[in-house]
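Below: the structure, in structure tokens.
Each value in this text was obtained by applying a stated rule to the coordinates, not by laboratory testing. These numbers come from a predicted model, not from an experiment. Quick reminder, even Gly has a Cβ in these numbers, built from the backbone with ideal geometry, and neighbours come from all protein chains shown.
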Amino acid sequence: MPTRNAEATWRGDLKSGSGDLALGSGVYEGPYSFASRFEDGDATNPEELIGAAHAGCFVMALSNELDEAGYEPEQLHADAEVHLDPEALEIDWIELTLEATIPDIDEDTFQEIAAGAKAGCPVSKALAGVDIRLDATLA
């Protein structure tokens, strides 16, 4: 199994400093700052990257579980809201919102498979100390 990597550089103190994040694949390199993390600054932040990783992992895991159950999804779209408590400095919960188009699946089966994918994706497992919520809608 391949190892994935990313790197970060920070210059200065927490509030007025700035940094850069880079993905090992080279597809993203960009700035981050106190403002982009705790306010509304124009850059990325670690929580946004965790959200992208979680949403991507979840829909891939769901696609696999659906395939194993005999369903072929037309589209799976997930949004991950990562909630950072700025006072406790911890991620207190993540909300995965899923919109899915899957022919010939009933609501109960869909919800069961979606919950299994949420629990089983590697990023969910890595974030086991965080309350991960799921709002799954079948189109």
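When you restrict to C-alpha pairs under 8 Å that are six or more residues apart and normalise by the size of the chain, the relative contact order lands at 18 percent. A Förster distance of 30 Å, applied to the separation of the beta-carbon atoms of A69 and W93, puts the FRET efficiency at 0.60. In this structure the amide hydrogen of I102, modeled in the peptide plane, comes within under 5 Å of the amide hydrogens of E74, A139, none closer than 5 places in sequence on its chain. Could you tell me the calculated FRET efficiency between Q111 and D85, based on Cβ-Cβ distance and R0 = 41 angstrom, to the nearest 0.05? It comes out at approximately 0.90.
In terms of Cα atoms, the Rg and Dmax of region 1-63 work out to 13.5, 43 Å. Evaluating 6.51 cos²θ - 1.76 cosθ + 1.60 at θ = phi - 60° for every residue in region 32-38, the Karplus couplings come out as 8, 7, 4, 5, 6, 9, 10 Hz, glycine and proline recorded as x. A straight line joining the Cα centroids of region 11-89 and region 116-139 runs 14 Å. Helix 107-120 and the longest principal axis of the Cα set of the chain meet at an angle near 40°. Please list, in order, the residues from region 117-137 whose amide nitrogen is less than 18 Å from a point placed 7 Å along the Cα→Cβ vector of A52. It comes to 123-124, nothing else.
Helix 46-68 and the longest principal axis of the C-alpha atoms of the chain enclose an angle of approximately 20°.
Computing volume of the Cα convex hull per residue in Å³ for the structure here picks out one of (i) 116; (ii) 166; (iii) 129, namely (iii).
When the charge dipole of region 46-138 is built from unit charges on Cβ atoms (+1 for Lys and Arg, -1 for Asp and Glu) and taken about the Cα centre, the candidate among L66, F110, A126 whose Cα reaches farthest toward its positive end is A126.
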